[in-house]
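To keep things clear, I will list the structure first and then write my remarks on it.
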Amino acid sequence: MLTASDSVDFDALRKDFPIFDSGPQTLHYLDSAATSQKPRCVIDAIDLCYRNQYGPVHRGLYPLAESATEAYEKARQTIENFINAPSPDEIIFTRSATEAINLVASGWARQALEAGDEIWVSQMEHHSNYLPWQRVCRDRGASLKVIPLDSSGQLDLDKADGLFGNRTRLIAITHVSNVLGIVNPVEKITRLASVNSIPVLVDAAQSVGHMPVDVQSLSCDFLVASAHKMCGPGGIGFLYGKKERLTQTEPLLLGGGMVDQVLADTSIWAEIPARFEAGSPNLAGALGFAVAAAYIEEIGRQPIAKREQELAATAFEALSEIDGVTIYGPENSPYRSGILSFNIDGIHPHDIAQIAGEHGVAIRAGHHCCQPLMRHLNTPSTARASFSFYNNKDDIAALVMAVHETKKILGS
Amino acid sequence: MNSVYKTVLLDHFHNPRNKGDLDSMDRVKRGSNPRCGDDIEVGIRAENEILESVRFRGRGCSICLASASIMSECTIGLTMRQARHLVQQMLDWFGDTISEAPSNTTLAALGAVRQHPARKKCVLLAWVALDETLEIK
């Protein structure tokens, strides 16, 4: 019987990515969790935008401006459909997932928080889903609370006393860990949070391009992601917010396009979503983002998830057979995505990444903007291989070879 | 392939010179880079302004540790003024204000790292810590 992953010809899809044909050395790109490669259709959409479609968005009455505005708003609808949001007005284009979180922290939480309140994050959060909350809590006399992790790195909800209590104003949680690849039980969290009407923000940067993401079934209040981690261009991301939450949110940036009426000493904001998009919008970014979403949707996120899990599981098995290699996070489980962090005894991950790089294998090394998680793992840094559907068995073989080579050069 | 992992560097990584206990040092300074987890201490002992001993301990990547080891070898026996001058030469060399390696064949082994901006700090961590020990009055 054919499974979802088997029915897609992923080797053929790899040919959609020009970068894999661009150099003399085979590129084994295993850093898609940092940023993904771009398919030809996305590159072409950006090229076409600047050649034929480029004009001011929401700012002109001539045909080119009107069609630019229409294309931009159509891109918003594509993202709406991509995450099954109830309305395109609930999609705010931002520069990044980071900016989207900062918008909620500064625009929503700053007003919602009172002294003694709590915001909860987890120990595995990326700094971008940690620092904005740390600051707003400090400024408002609130407490930042951290959901601890168990020994396998998964959320230990039982040890998070008061998580769903009446002091909690927000739970901000990553959907998929950018270090451990763990998929968090967001639906369970939102269900338990709903008892006390606690809003939940989901950082979907590592999930939205890799597995089905539906904001209505997740039942979250906010969800953020960026385009560049899901085959789209850099410099654009989005915030999804429930309409009732967005009406409680002050804009982060003030300026052109976000205001209806400017009076001498007060002003009236424009409608949502324009209110949150001050300045000239990133038209090419939005169009490229929409094409990336459509591209991924056409392949199907179910088969993508399966493919990436299979690649990571194969790599997990191969790496765990090598002496001295420690892999972080739970062993193969349905709660893992295509991200794998590891270390080699006595060898700094920066050395692993550099030697791998010399062999055409692109992996990340460092703390991955997750210093609280590194403290939990009791290591300053890890090496990380992250898989995308365009990777294949050769990439895994190259990774394994690079690990052996690193051990040969630097091992004692 | 222009690997940074040359014989001299690997030798200093596998067989670090002057590494370990700093108890007998006059002055000790710490250099750390939380971004990559490199964390070392450099100690000196001087007699009549001459460096009798330069030692280090700590953890870090191969380049950081090899650089500290090479540094210790290159600075023992120098006057403190000469050592400060050598540190400055290293900073200039890695800051690209001079293109020539300081006239020392062992130091030249670190030259390949200049091609990798992200690793320059690994090389300089020990040297900056040494500079601080030299500055204490």
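The values are calculated or read from the model by the stated rules, or taken from the named source; none is laboratory data. Computed from a prediction, not measured in an experiment: that's the story for all the values here. Counting neighbours? That spans all protein chains shown, and the Cβs are built from the backbone with ideal geometry, glycine included. Ligands, DNA and RNA are excluded from the accessible area calculation, which covers all protein heavy atoms including side chains. Shrake-Rupley method; radii C 1.70, N 1.55, O 1.52, S 1.80 Å.
Could you give the size of the charge dipole of chain B about its Cα centre, using +1 on the Cβ of each K and R and -1 on the Cβ of each D and E, expressed in debye and rounded to the nearest 20?
Values: 18 positive and 17 negative charges, 78 e Å.
My answer is approximately 380 debye.
Just the accessible area for A:M401, please: 1.4 Å probe, Å², rounded to the nearest 10?
80 Å²
Dipole of the stretch A:43-298 (Lys/Arg Cβ +1, Asp/Glu Cβ -1, origin at the Cα centre): which of A:G153, A:F276, A:P185 lies farthest to the positive side?
A:G153
How far apart, in nm, are two points set 7 Å out from the Cα along the Cα-to-Cβ line at A:S152 and at A:N196?
2.7 nm
What FRET efficiency do you get for A:V259 and A:N392 if R0 is 45 Å and r is their Cβ-Cβ distance, rounded to the nearest 0.05? It would help to have the intermediate numbers written out before the result.
Values: r = 51 Å, r/R0 = 1.12.
In this case the efficiency is close to 0.35.
Counting only protein heavy atoms and a 1.4 Å probe, tell me what percentage of chain A's accessible area is made up of carbon and sulfur.
49 percent
For peptide B:61-73, how many partner chain Cβ atoms fall within 10 Å of a residue's Cβ, on average?
Working: counts 11, 9, 4, 3, 1, 0, 0, 0, 0, 0, 0, 0, 0.
That average works out to 2.
Given the options A:Y62, A:S122, A:P24, identify the residue whose Cα lies farthest towards the positive end of the charge dipole of chain A (+1 on Cβ of Lys, Arg; -1 on Cβ of Asp, Glu).
A:S122
Of the beta bridges DSSP finds with both residues in chain A, what % are antiparallel, to the nearest 5? Intermediate results must be reported in sequence, preceding the final value.
Working: 26 of 44 bridges.
Here the antiparallel bridges make up roughly 60 percent for chain A.
Partner chain Cβ atoms within 10 Å, averaged over the residues of A:380-388 - can you pull that number for me? Don't jump to the answer; show the numbers that get you there.
Details: counts 10, 6, 1, 0, 0, 0, 0, 0, 0.
Shielding by partners across A:380-388 averages 2.
If you place +1 on the Cβ of every Lys and Arg, -1 on the Cβ of every Asp and Glu, and leave all else neutral, what size is the dipole of chain A about its Cα centre, to the nearest 20 Debye? Display every interim value, and only then the final one.
Details: 34 positive and 48 negative charges, 113 e Å.
The calculation lands at about 540 debye.
What order do you get for A:182-195, B:67-80 when each peptide is scored by the mean count of other beta carbon atoms within 10 Å, highest first? Write down the numbers at each step before the final one.
On the way: A:182-195: 17.9, B:67-80: 21.1.
Result, highest mean first: B:67-80, A:182-195.
To the nearest 100 Å², how much accessible surface do chains B and A hide from each other in total, with a 1.4 Å probe? It would help to have the intermediate numbers written out before the result.
Values: alone 7190 and 17610 Å², together 23440 Å².
That pair hides around 1400 Å² of surface in total.
Provide the packing ranking of B:113-124, A:137-148, i.e. peptides ordered by the mean count of other C-beta atoms within 10 Å per residue, highest first. Write down the numbers at each step before the final one.
Values: B:113-124: 18.8, A:137-148: 16.7.
The most tightly packed comes first, giving B:113-124, A:137-148.
Please give the calculated 222 nm ellipticity per residue for chain B, where each DSSP H segment of at least 4 residues contributes -39500 (n - 2.57) and the sum is spread over every residue; nearest 500 deg cm²/dmol? Before the final figure, lay out the partial values.
Numbers: 5 runs with 57 residues, N = 137.
Calculated at 222 nm, the ellipticity per residue is -12500 deg cm²/dmol.
Please compute the modelled spin-label separation between B:D11 and A:I19, points set 7 Å along Cα→Cβ, answer in nm with one decimal.
3.9 nm
What's the ranking of A:307-320, A:47-60 by average number of surrounding C-beta atoms within 10 Å, highest first? List each step's numbers first, then the result.
Values: A:307-320: 19.7, A:47-60: 14.6.
Descending mean neighbour count gives A:307-320, A:47-60.
If you fit an axis through the alpha-carbon atoms of helix B:120-135 and take the longest principal axis of the Cα set of chain B, what angle between them do you get, 0 to 90°, nearest 10?
Helix B:120-135 and the main axis of chain B meet at about 20 degrees.
Tilt of helix A:283-299 relative to the longest C-alpha principal axis of chain A, in degrees (0 to 90, nearest 10)?
Rounded to the nearest ten degrees, it is 50.
Using the heavy atoms of the protein chains alone and a 1.4 angstrom probe, what is the accessible area of the protein assembly as shown per residue in square angstrom?
On the way: 23440 Å² over 549 residues.
For the protein assembly as shown, the solvent-accessible area averages 43 Å² per residue.
Can you tell me the dipole magnitude for the stretch A:294-412 around its Cα centre, using point charges on the Cβ only (Lys, Arg +1; Asp, Glu -1), in Debye to the nearest 20? Please list the in-between numbers first.
Details: 10 positive and 14 negative charges, 62 e Å.
Using only the charged Cβ atoms, the result is roughly 300 debye.
Take peptide A:346-355, look around each residue's Cβ out to 10 angstrom, count Cβ atoms belonging to other protein chains, and average those counts. Please list the in-between numbers first.
Working: counts 0, 3, 11, 3, 12, 10, 1, 2, 10, 4.
Per residue, the number of nearby Cβ atoms from other chains is 6 on average.
How much net charge surrounds B:S32 when only the other residues with a Cβ under 14 Å from the Cβ of B:S32 are counted, with Lys and Arg +1 and Asp and Glu -1?
Details: positive: B:K29, B:R30, B:R35, B:R57, B:R59, B:K121; negative: B:D38, B:D39, B:E41, B:E132.
After counting each charged neighbour, the total is +2.
Can you flag which of A:K159/A:K188; A:K229/A:K408; A:K38/A:K306 are past 25 Å Cα-Cα?
A:K229/A:K408
Label 7 Å along Cα→Cβ of A:R110; the stretch A:250-271 residues with amide nitrogen under 11 Å?
Once the point is set 7 Å along Cα→Cβ of A:R110, A:250-254 turn out to lie under 11 Å by backbone N, inside the stretch A:250-271.
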